[in-house]
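Novice: Have a look at this one.
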Amino acid sequence: MTVISHRTGTEGRLKGRGRRVQARCASRRFRRLVAGVGAIALVLSGELKAQAPPVDEEPAVPLVHLRRVDASILQDIRYAGADNFTGRPVPGYAAAECLLLRDAAEALARVQKGLLQRKLTLKVYDCYRPRRAVRAFRAWVEAPEADPLGKRFYPGLDKSRLIDLGYIAGVSRHSRGDAVDLTLVALPAKRVPAFSASATYGPCTGPAAARAPDNGIDMGTGFDCFDALSHTKTTGLTPEQQRWRQVLVEAMAQQGFHNYPKEWWHFTYRPERRGRSFDVTISRGRH
Ligand SMILES: [Zn+2]
């Protein structure tokens with residue numbers, strides 16, 4: 001509309017009636033043209049909206065279910081339930097499933113093949129992690145409320161320090177689908193009581209028998225234990241615990257997984273390579 005008034009004003013300064021009639025006709029044609037273009041734009045945007053995928057759908061996400069690559073690897077996906085440091089299911093985890101990039105899943109299957117011959121199995125706690133879950137962790141750290149689970153997951157720290165100390169990432173390699181949190185389980189796997197959200201469990205740094213139930217080999221701390229005792233090569237472990245950490249690190253390293261020195265359970269497949277992160281919901285059978 002601004003353009004039209006400007007044109008009319010310019011034309012009004014021109015001499016002669018014919019000129020003014022011409023200007024009015026030109027102005028009407030221009031208005032019709034604008035209305036037509038606007039209508040086309042509305043139709044187009046309506047069509048685009050109808051075709052746009054839902055927010056959490058990213059086409060061509062190359063993640064696969066680990067279960068389909070190797071069903072023998074145990075899965076205990078903690079962020080899909082209440083047995084994690086936030087005390088509730090984490091956004092993006094609609095199913096307790098491990099998703100990974102295919103080559104990372106296949107490399108993990110090769111690790112598993114070697115371990116099975118030693119009567120051991122891998123058990124994954126977390127694999128691909130949606131970006132919205134990483135954001136939720138950050139919001140949890142920044143929330144001012146006292147945390148009743150602090151004594152269990154970070155008995156020696158204030159939760160506001162967990163990002164600075166490197167225990168919780170602002171941006172996680174897990175969101176790229178090539179990082180995995182896991183442990184070893186001796187076969188046959190022991191049956192353990194189910195986790196109970198109403199039970200009180202001992203700190204993750206305490207004796208394994210007092211921690212929340214886990215049939216994994218005792219590595220000296222529980223999973224997601226934000227404490228110096230979780231540093232892979234820490235002092236203060238029994239020789240057995242040290243040896244088991246070494247068994248896990250070496251088995252993983254043979255297939256290209258690098259351990260994060262602050263967490264004995266965290267491994268990245270080929271950390272040197274570049275990639276992109278994803279934000280799709282973890283579901284049972286879409287990938
Ligand atoms: Zn991790």
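The values are calculated or read from the model by the stated rules, or taken from the named source; none is laboratory data. Everything quoted here is computed from the prediction, not taken from an experiment. Cβ: placed from backbone, ideal geometry, glycine included. Neighbour counts: every protein chain shown. With ligands, DNA and RNA removed, areas are computed over all heavy atoms of the protein, side chains included. Shrake-Rupley method; radii C 1.70, N 1.55, O 1.52, S 1.80 Å.
Residues checked against (1) more than 16 Å from the ligand (Cβ to nearest atom); (2) surrounded by 17 or more Cβ atoms within 10 Å (Cβ to Cβ); (3) assigned by TED's automatic domain parsing to the domain that holds Ser72; (4) under 20 Å from Gly81 (Cβ atoms):
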{"site": "Gly216", "(1), (2), (3), (4)": "no, yes, yes, yes"}
{"site": "Met219", "(1), (2), (3), (4)": "no, yes, yes, no"}
{"site": "Leu248", "(1), (2), (3), (4)": "no, yes, yes, no"}
{"site": "Ala251", "(1), (2), (3), (4)": "yes, yes, yes, no"}
{"site": "His258", "(1), (2), (3), (4)": "no, no, yes, no"}
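Novice: Please work out which residue is nearest to the ligand (Cβ to nearest atom), limiting yourself to region 260-272 and to residues that are closer than 19 Å to Glu106 by Cβ and of a type in the set (Phe, Trp, Tyr).
Specialist: This residue is Phe267.
Novice: Taking the criterion of being over 24 Å from the mean Cα position of the chain (by Cα), small (Gly, Ala, Ser) and within 19 Å of Val124 (Cα to Cα), would at least one residue in region 157-179 satisfy it?
Specialist: No - not one qualifying residue is present in region 157-179.
Novice: Please go through region 164-195 and pick out each residue that is more than 13 Å from the ligand (Cβ to nearest atom) and acidic (Asp, Glu).
Specialist: Across region 164-195, the qualifying residue is only Asp164.
Novice: Conditions: (1) within 14 Å of the ligand (Cβ to nearest atom); (2) over 30 Å from Ala109 (Cβ atoms). Phe137 meets all but one. Number of the miss?
Specialist: Condition not satisfied by Phe137: (2).
Novice: Taking region 221-239, which residues are β-branched (Val, Ile, Thr) and out of contact with any Cys (no Cβ under 9 Å at 6 or more places or on another chain)? First the steps, then the outcome.
Specialist: Looking only at region 221-239, we keep the residues that are β-branched (Val, Ile, Thr), and these are 221, 232, 234-235, 238.
Of everything in region 221-239, those that are β-branched (Val, Ile, Thr) and out of contact with any Cys (no Cβ under 9 Å at 6 or more places or on another chain) turn out to be Thr232, Thr234, Thr235, Thr238.
Novice: Among all residue pairs at least 6 apart or on different chains, which show Cβ distances below 7 Å where the first residue, located in region 230-258, is hydrophobic (A, V, I, L, M, F, W, C) and the second is assigned to a loop (DSSP other than H, G, I, E, B)?
Specialist: Between residues of region 230-258 that are hydrophobic (A, V, I, L, M, F, W, C) and residues that are assigned to a loop (DSSP other than H, G, I, E, B), the close pairs are Leu237/Gly220; Trp244/Ile217; Trp244/Met219; Val249/Thr232.
Novice: If I ask for residues that are over 14 Å from Phe153 (Cβ atoms) and surrounded by 19 or more Cβ atoms within 10 Å (Cβ to Cβ), which ones from region 76-88 would you list?
Specialist: Correct list: Asp76, Ile77, Ala80.
Novice: Please go through (1) within 21 Å of Trp140 (Cβ to Cβ); (2) under 25 Å from the mean Cα position of the chain (by Cα) for Thr200 and return the number of the only condition it doesn't satisfy.
Specialist: Result: Thr200 passes all but (2).
Novice: Output yes when any residue across region 111-121 is assigned to a strand (DSSP E or B), within 12 Å of the ligand (Cβ to nearest atom), hydrophobic (A, V, I, L, M, F, W, C) and under 18 Å from Leu74 (Cβ atoms), and no when none is.
Specialist: No - not one qualifying residue is present in region 111-121.
Novice: For residues that are out of contact with any helix residue (DSSP H, G or I) (no Cβ under 8 Å at 6 or more places or on another chain) and closer than 17 Å to Arg176 by Cβ, scanning just region 96-137, find the one that is most open to solvent (accessible area, probe 1.4 Å).
Specialist: Only one residue tops the list, namely Arg135.
Novice: So Leu184 fits all but one of (1) without any contact (Cβ under 8 Å) to a residue 24 or more places away in the chain; (2) open to solvent by less than 50 Å² (accessible area, probe 1.4 Å); what number is the exception?
Specialist: Only one criterion in (1) without any contact (Cβ under 8 Å) to a residue 24 or more places away in the chain; (2) open to solvent by less than 50 Å² (accessible area, probe 1.4 Å) is unmet by Leu184, namely (1).
Novice: Which residues, taken from region 199-234, are at pLDDT 95 or above and of a type in the set (Val, Ile, Thr)?
Specialist: Selection gives Thr205, Ile217, Thr221, Thr232, Thr234.
Novice: Please determine whether any residue of region 145-163 is within 15 Å of the ligand (Cβ to nearest atom), open to solvent by less than 70 Å² (accessible area, probe 1.4 Å) and closer than 18 Å to Thr268 by Cβ.
Specialist: Within region 145-163, none of the residues are within 15 Å of the ligand (Cβ to nearest atom), open to solvent by less than 70 Å² (accessible area, probe 1.4 Å) and closer than 18 Å to Thr268 by Cβ.
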